[in-house]
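Student: Structure incoming, see below.
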Amino acid sequence: MPTIKRTKTSFTAGELAPELLGRADLRAYENGARRLRNVVIQPTGGVTRRPGLRHVAILPGTARLLPFEFNTEQTYLMVLTAGKLAVYAADLKIAELIAPWTETMLPQIGFTQNADTLLLTHPDMRPQRVQRSNTGWSITPWSFTQDAYFRFAAPDITLTPSALNGTITISASAPVFAVEHIGVRLRIGGKRVLVSAMNSQTTIVATVEQALTSTTATKDWDEAAFSTARGWPITCCFHQDRLVIGGSRDLPNRLWLSRTGDLFNFDPGTGLDDQAIAFSLLSDQVNAIRGVFSGQHLQLFTSGAEWMVTGDPLTPANIQINRQTRVGSPVDRLVPPVDVDGSTIFVSRGGQGVYEFAYTQVQQAYQANDLAILGRHLIQSPRAMAYDQRARLLHLVLEDGALATLTLYRAEQVTAWTRQETNGSFCAIAEVEGTLWCVIQRSGGISLERFESGLMQDAALTGTSITPKSTWTGLTHLNGRQVSILADGAVRPNATVSSGAVTLTAPATAVAIGLAFTHEIEPLPADLITPAGSATGPSRLVAVTFRLLETPALDVDLGKGPQALALRRFNIDHLDAPPSPFTGDATLRGMGWRRDRIAPLWRITSAAPLPLTLLSVTTEIRMND
């Protein structure tokens, strides 16, 4: 009966899809796991229990989170809810503004920031400008210094003005006008008029802003590209000192670039180098623009492909656009791409792909590499995305309410997925200067929470008292819920919140109270090779050694089943005393033979609000040939 020893020193492949259970020949199999829940993979290869979530505020409803970073010392979180915009600095709401969007519009709101100004777009909303000033915060509509124009009507339709100046009547040769055209600018022979009233679908009243040249019928006319009648911009960004607008409701595949240094002027003029640029994406497939991103080049993400816009600098004469890849982006919501180490990460239209859009110097082109190919089962229609540069973690809010977390460290070839779950559903996420903010829907409503290192519960609050006390208040958001309690560093029995308070079994001077969450680490089936070849007979786990770092408790299931878990704790002297962190090797002895080669040899799981860091695992297995 040969004995086989295996040492697993890294989890840098993350949780692997079930389809890979038979691919022990892959390098990812050696560094992967079968199940990783509520843990994150360190770039060095270890596994750590994820931070908990601190409760910040109850929100009035579904929300969208946006970062606003004025400088390294002044960073804010923008919370968009139905008809409102709230501004948070740290955990405090410092401003609340009336806003023109509805709850159903939130998923499609695009944004970009420049200095103290945040620009917000939606195809059915006049673009908004949020500004921070010395006197406070404001939200106002964009004001174009020069409109962009487009001919929406059929080319054979003519307009006939009644006069050259003043208030005039304009007649069309076919029905083209709607009540939404009131307040919209038209150009007739290159001269502007402002629509003030509508008499019929063929007749309007307008005020002449630039004297017209003729009162005869003409086909030389167009109208403002953005309006209530034709829709508003979908998304935008800044690139080479221009404001770039990607798509509108009625022109989803068109791109506009403002004049250089004049961000709200979209007049193409005579085509000089600094004047505005506009063109449509024409190809063999639909290309509704879903994202514009300023990187090494201007990048366009559409419903069917990804594009590179080149020109150094971009001018009407030298601008070029080339399709690079054919992945496509979601159309039911905007999931803005993010930059990770010079590459652009975006979500695929199919809902199960997360791609790295990277430029290759050799081919002078972009490639789209699927980062989720080994963890496809974890990616289910991402709804939002945020990247934590400090921890090198990419987080995606999934349709089912979980969070998919990717540890991405290209220099060390680390691409590791895990899944985060909470007692409720993740709805939105944003990263602001190293802090990860979340909108969570729980049975008690919708709340704003943030991840906090050292906190081991969700929807949690902490408190201190000079003198020990048993009753702790301020927990209204957890009324009627059973909560996990850490008092003076020790785990206390769970309690139920009543009237916003809990009572401990013994007084304490410091507490952390919140909802428990369970971490799980389960290995892939062992790849057992004996001198005679692949083993097929029964096997027995002789021993397993876990190398731990600053871990006060470890609960392990060695396969006894859910009715008789073989759980062991290390370095806990008394349940009412704070456990001491343990660094070193902890060995457990296994018992019994097993024929199921797919069943895990061991499984780590615990809901205790205590930290865990697993560095490596060594197993000793005896085979019966």
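The values are calculated or read from the model by the stated rules, or taken from the named source; none is laboratory data. On a predicted model such as this, the values are computed, not experimentally measured, just so you know. No Cβ is skipped: glycine too gets one built from the backbone with ideal geometry, and neighbour counts run over all protein chains shown. We work out accessible area using only protein heavy atoms, side chains counted, and drop any ligands, DNA or RNA first. Shrake-Rupley method; radii C 1.70, N 1.55, O 1.52, S 1.80 Å.
Student: Exactly one condition in (1) among the hydroxyl-bearing types (Ser, Thr, Tyr); (2) surrounded by fewer than 17 Cβ atoms within 10 Å (Cβ to Cβ); (3) assigned to a strand (DSSP E or B) is not met by Thr44; state its number.
Tutor: (3)
Student: Given the criteria within 30 Å of Glu412 (Cβ to Cβ) and in contact with a Ser or Thr (Cβ under 7 Å, 6 or more places away or on another chain), does Val327 qualify?
Tutor: yes
Student: If a residue must be of a type in the set (S, T, N, Q) and without any contact (Cβ under 8 Å) to a residue 60 or more places away in the chain, how many such residues does the range 379-422 contain?
Tutor: Within the range 379-422, residues that are of a type in the set (S, T, N, Q) and without any contact (Cβ under 8 Å) to a residue 60 or more places away in the chain number 3.
Student: Given the criteria over 24 Å from Pro155 (Cβ atoms) and open to solvent by 40 Å² or more (accessible area, probe 1.4 Å), does Gln285 qualify?
Tutor: For Gln285, the condition - over 24 Å from Pro155 (Cβ atoms) and open to solvent by 40 Å² or more (accessible area, probe 1.4 Å) - is met.
Student: Looking only at residues that are of a type in the set (A, V, I, L, M) and in contact with a helix residue (DSSP H, G or I) (Cβ under 8 Å, 6 or more places away or on another chain) in the range 365-397, which one is least open to solvent (accessible area, probe 1.4 Å)?
Tutor: Ala372
Student: Answer yes or no: is there a residue in the range 56-78 that is over 17 Å from Trp437 (Cα atoms), in contact (Cβ under 8 Å) with a residue 24 or more places away in the chain, open to solvent by less than 30 Å² (accessible area, probe 1.4 Å) and out of contact with any strand residue (DSSP E or B) (no Cβ under 7 Å at 6 or more places or on another chain).
Tutor: Looking for residues that are over 17 Å from Trp437 (Cα atoms), in contact (Cβ under 8 Å) with a residue 24 or more places away in the chain, open to solvent by less than 30 Å² (accessible area, probe 1.4 Å) and out of contact with any strand residue (DSSP E or B) (no Cβ under 7 Å at 6 or more places or on another chain), one finds none in the range 56-78, hence no.
Student: Oh, and also: If we keep just the residues of the range 1-35 that are in contact with a strand residue (DSSP E or B) (Cβ under 7 Å, 6 or more places away or on another chain), open to solvent by 60 Å² or more (accessible area, probe 1.4 Å) and part of a loop (DSSP other than H, G, I, E, B), which is modelled with the lowest pLDDT?
Tutor: Looking at the filtered set, the residue picked out is Met1.
Student: Something else about it: Within the range 359-415, take every residue that is charged (D, E, K, R) and over 14 Å from Gln42 (Cα atoms) and give me the one that is nearest to the chain's Cα centre (by Cα).
Tutor: Arg383
Student: Within the range 113-136, which residues are over 15 Å from Ala99 (Cα atoms), modelled with pLDDT of 90 or more and assigned to a loop (DSSP other than H, G, I, E, B)?
Tutor: Answer for the range 113-136, where residues must be over 15 Å from Ala99 (Cα atoms), modelled with pLDDT of 90 or more and assigned to a loop (DSSP other than H, G, I, E, B): just Pro123.
Student: Could you list all residues from the range 456-478 that are surrounded by 12 or more Cβ atoms within 10 Å (Cβ to Cβ), hydrophobic (A, V, I, L, M, F, W, C) and either over 29 Å from the mean Cα position of the chain (by Cα) or not in a strand (DSSP E or B) (or both)?
Tutor: Once the filter is applied, which keeps residues that are surrounded by 12 or more Cβ atoms within 10 Å (Cβ to Cβ), hydrophobic (A, V, I, L, M, F, W, C) and either over 29 Å from the mean Cα position of the chain (by Cα) or not in a strand (DSSP E or B) (or both), the range 456-478 yields Met456, Trp472, Leu475, Leu478.
Student: State which residue pairs qualify: first residue hydroxyl-bearing (Ser, Thr, Tyr) and inside the range 472-488, second residue open to solvent by 60 Å² or more (accessible area, probe 1.4 Å) in any location, beta carbons under 7 Å apart, and separation of 6 or more residues or different chains.
Tutor: Within 7 Å, the pairs are Ser484/Asn494.
Student: Wholly within the range 285-369, which strands (runs of 3 or more DSSP E) include no fewer than the required count, namely at least 3 residues that are among the hydroxyl-bearing types (Ser, Thr, Tyr)?
Tutor: In the range 285-369, 354-360 are the strands (runs of 3 or more DSSP E) which contain 3 or more residues that are among the hydroxyl-bearing types (Ser, Thr, Tyr).
Student: Still on this structure, please answer the following. What do you reckon, is Pro523 within 30 Å of Arg6 (Cα to Cα), modelled with pLDDT under 95 and in contact with a Pro (Cβ under 6 Å, 6 or more places away or on another chain)?
Tutor: yes
For every residue, the table says whether it meets (1) part of a loop (DSSP other than H, G, I, E, B); (2) within 30 Å of Phe111 (Cα to Cα).
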position	(1), (2)
Ser171	no, no
Ala174	yes, no
Arg187	no, yes
Val193	no, no
Ala197	no, no
Val205	no, no
Ala211	yes, no
Asp222	no, yes
Ile234	no, yes
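Student: Given the criterion closer than 23 Å to His122 by Cα, in contact (Cβ under 8 Å) with a residue 24 or more places away in the chain and in contact with a strand residue (DSSP E or B) (Cβ under 7 Å, 6 or more places away or on another chain), identify the matching residue among Val286, Val354, Val327, Val331.
Tutor: Val331
Student: Moving on. Sort through Phe279, Phe301, Phe238, Phe264 and tell me the only one that's surrounded by fewer than 21 Cβ atoms within 10 Å (Cβ to Cβ), touching a strand residue (DSSP E or B) at 6+ places or on another chain (Cβ under 9 Å), of a type in the set (A, V, I, L, M, F, W, C) and over 22 Å from Arg129 (Cα atoms).
Tutor: Testing whether each residue is surrounded by fewer than 21 Cβ atoms within 10 Å (Cβ to Cβ), touching a strand residue (DSSP E or B) at 6+ places or on another chain (Cβ under 9 Å), of a type in the set (A, V, I, L, M, F, W, C) and over 22 Å from Arg129 (Cα atoms) leaves just Phe279.
Student: From the list Thr202, Thr270, Thr215, which one is open to solvent by 40 Å² or more (accessible area, probe 1.4 Å), under 24 Å from Pro155 (Cα atoms), β-branched (Val, Ile, Thr) and without any contact (Cβ under 8 Å) to a residue 12 or more places away in the chain?
Tutor: Result: Thr270 is the single residue among Thr202, Thr270, Thr215 that is open to solvent by 40 Å² or more (accessible area, probe 1.4 Å), under 24 Å from Pro155 (Cα atoms), β-branched (Val, Ile, Thr) and without any contact (Cβ under 8 Å) to a residue 12 or more places away in the chain.
Student: For the range 153-175, state whether one or more residues are crowded, with 18+ Cβ neighbours inside 10 Å and under 41 Å from the mean Cα position of the chain (by Cα).
Tutor: For the range 153-175, residues crowded, with 18+ Cβ neighbours inside 10 Å and under 41 Å from the mean Cα position of the chain (by Cα): present.
Student: Okay, moving on. Just one of the numbered conditions (1) within 30 Å of Glu399 (Cβ to Cβ); (2) open to solvent by less than 70 Å² (accessible area, probe 1.4 Å) is not true of Ala508; which one?
Tutor: With (1) within 30 Å of Glu399 (Cβ to Cβ); (2) open to solvent by less than 70 Å² (accessible area, probe 1.4 Å) applied to Ala508, the lone miss is (1).
Student: Quick one: would you say Gly561 is outside any strand (DSSP E or B), more than 28 Å from Gly45 (Cβ to Cβ), at pLDDT 90 or above and open to solvent by 10 Å² or more (accessible area, probe 1.4 Å)?
Tutor: no
Student: Given Leu251, Leu243, which one is in a strand (DSSP E or B) and either touching a residue at least 40 places away in the same chain (Cβ under 8 Å) or surrounded by 22 or more Cβ atoms within 10 Å (Cβ to Cβ) (or both)?
Tutor: Leu243
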